């Protein structure tokens, strides 16, 4: 696997998608999600490691990742929306 | 998507003339029009004749989304008020009301109270609710079921009989799984099987749920994973009318004796399937908005096969 690109730790939610749908970050990174849709969305860890509240338009949620691993998450309002954060 | 999903209402065992005659009979004093495949009504200001015993009308309201403040309609409470005025103007008057979910916009504080209070102004007697995902996602349905929970073990699903028609309210928005679709679940399907087991096949059935119980557009989640399994227990019935919300637009489909009807929202429209980058509130010119919001009247005429579903947009 290629070395992780220096990614901006931001995930935008737009048109019912998390962009990017895979974000790779170093340990200790605080990742922020921002909702650009007029629908409410959530960021919920599939393994129940973290959980946002309902995020309305332009609202944000942040989570700091202190342990390496792959963190899958989805939207509990629109479960077809899923993505992951890879922490190295 | 196929044309079937947007097809006109196809009356069972009646030609269109007979169907319109039946509608006119059911709603004397109402001018029936067909526009773009959707039946609309306008009052003529005449008093309705006394309906025949056993025949009745009820109304469906859906996706009130109270708490929504987006550009597609910052005045969702005002359009709810207009929708209640439409209900109160229906002829014949509905005998009860069914709310097919997304009462609140994302469980915003005070939204359930606001809708409950507002619907007290609807001259339609009792209100039956079924939840949308916006009503249950934050707490797994705790608040919703605390307020509206009915049926076995307070699950939210329910059935009741009204003047010979058997009504079934299903819940298909709980227990969403990552990457999945809404579902009924084994427990609810088993309950449904038992619920209809003792009914004669000639009993008219009305099913109501939030998310469509047919595959409108699975890519946007506009379907219910195990709906086919649940509806399988209804195939033997001569007349099954399925009412849903969620997609904020009128759509019909006929499958054998089952007719599916998706309803308008009172808050904001959504794009047609696949006609945008994703689902979600659709901003339209202000003079078009009220034509895309509204409520629905459903008329049951005793002795007739299929229930007549009539859209009543706000403008």
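The values are calculated or read from the model by the stated rules, or taken from the named source; none is laboratory data. What you see is a predicted model; the values in this text were computed from it and never measured. Heads up, the Cβs are rebuilt from the backbone with ideal geometry, glycines too, and the neighbour counts pull from every protein chain shown.
A few comments on the model shown:
- Scan segment B:71-102 for residues that are within 14 Å of chain A (Cβ to nearest Cβ) and in a loop (DSSP other than H, G, I, E, B) and the total you get is 6.
- Single residue of segment B:50-86 satisfying the filter (surrounded by fewer than 24 Cβ atoms within 10 Å (Cβ to Cβ) and closer than 22 Å to residue B:207 by Cβ) that is nearest to the chain's Cα centre (by Cα): B:56
- Any pair with Cβ under 8 angstrom, 6 or more apart, that starts in segment B:177-194 at a residue that is free of Cβ contacts under 8 Å to residues at least 24 places away in the same chain and within 14 Å of chain A (Cβ to nearest Cβ) and ends at one that is surrounded by 14 or more Cβ atoms within 10 Å (Cβ to Cβ) and part of a loop (DSSP other than H, G, I, E, B): B:177/A:79; B:178/A:46; B:178/A:79; B:179/A:79; B:179/A:80
- Out of A:77, A:23, sole residue that is buried (at least 20 other Cβ atoms within 10 Å of the Cβ), within 10 Å of another protein chain (Cβ to nearest Cβ) and at pLDDT 95 or above: A:77
- Selection status of residue B:148, surrounded by 15 or more Cβ atoms within 10 Å (Cβ to Cβ), touching a helix residue (DSSP H, G or I) at 6+ places or on another chain (Cβ under 7 Å) and closer than 30 Å to residue A:43 by Cβ: no
- Single match in B:268, B:260 (criterion: at pLDDT 95 or above and within 13 Å of the chain's Cα centre (by Cα)): B:260
- Filter result (more than 13 Å from every other protein chain (Cβ to nearest Cβ), within 17 Å of the chain's Cα centre (by Cα) and closer than 24 Å to residue A:75 by Cβ) within segment B:103-122: B:103, B:115
- One residue alone among B:288, B:270 is without any contact (Cβ under 8 Å) to a residue 24 or more places away in the chain, buried (at least 21 other Cβ atoms within 10 Å of the Cβ) and either at negative phi or more than 14 Å from chain A (Cβ to nearest Cβ) (or both), and that residue is B:270.
- Boolean, residue B:224 is in contact with a strand residue (DSSP E or B) (Cβ under 8 Å, 6 or more places away or on another chain), crowded, with 24+ Cβ neighbours inside 10 Å and either modelled with pLDDT of 95 or more or closer than 26 Å to residue B:190 by Cβ (or both): yes
- Of all residues in segment A:26-43, those satisfying the criterion of being surrounded by 22 or more Cβ atoms within 10 Å (Cβ to Cβ) and either at pLDDT below 95 or within 14 Å of chain B (Cβ to nearest Cβ) (or both) are A:35, A:37, A:39, A:40, A:41, A:42, A:43.
- Leading residue by the ranking (surrounded by the fewest Cβ atoms within 10 Å (Cβ to Cβ)) among those in segment A:50-65 that are within 14 Å of another protein chain (Cβ to nearest Cβ) and within 12 Å of the chain's Cα centre (by Cα): A:51
- Only listed residue being in a loop (DSSP other than H, G, I, E, B) and at pLDDT 95 or above, chosen from B:184, B:243: B:184
- From the list B:253, B:194, the lone residue that is outside any loop (DSSP other than H, G, I, E, B), farther than 13 Å from residue B:170 by Cβ and in contact with a helix residue (DSSP H, G or I) (Cβ under 7 Å, 6 or more places away or on another chain) is B:253.
- Residue list for segment B:291-315, restricted to those being in contact with a helix residue (DSSP H, G or I) (Cβ under 7 Å, 6 or more places away or on another chain) and surrounded by 17 or more Cβ atoms within 10 Å (Cβ to Cβ): B:293, B:294, B:295, B:299, B:301, B:304, B:308, B:312, B:313, B:314
- Of all residues in segment B:209-238, those that are part of a strand (DSSP E or B) have Cβ atoms under 6 Å from Cβ atoms of residues that are at pLDDT 95 or above, 6 or more apart or on another chain, in B:217/B:273; B:222/B:212; B:222/B:216; B:222/B:247; B:224/B:172; B:224/B:211; B:224/B:213.
- Annotation for segment B:49-58: no member residue is within 28 Å of residue A:39 (Cβ to Cβ) and in contact (Cβ under 8 Å) with a residue 40 or more places away in the chain.
- Candidates in segment B:123-143 are the residues that are without any contact (Cβ under 8 Å) to a residue 60 or more places away in the chain and away from chain A (no Cβ under 14 Å); of these, the one that is nearest to residue B:93 (Cα to Cα) is B:123.
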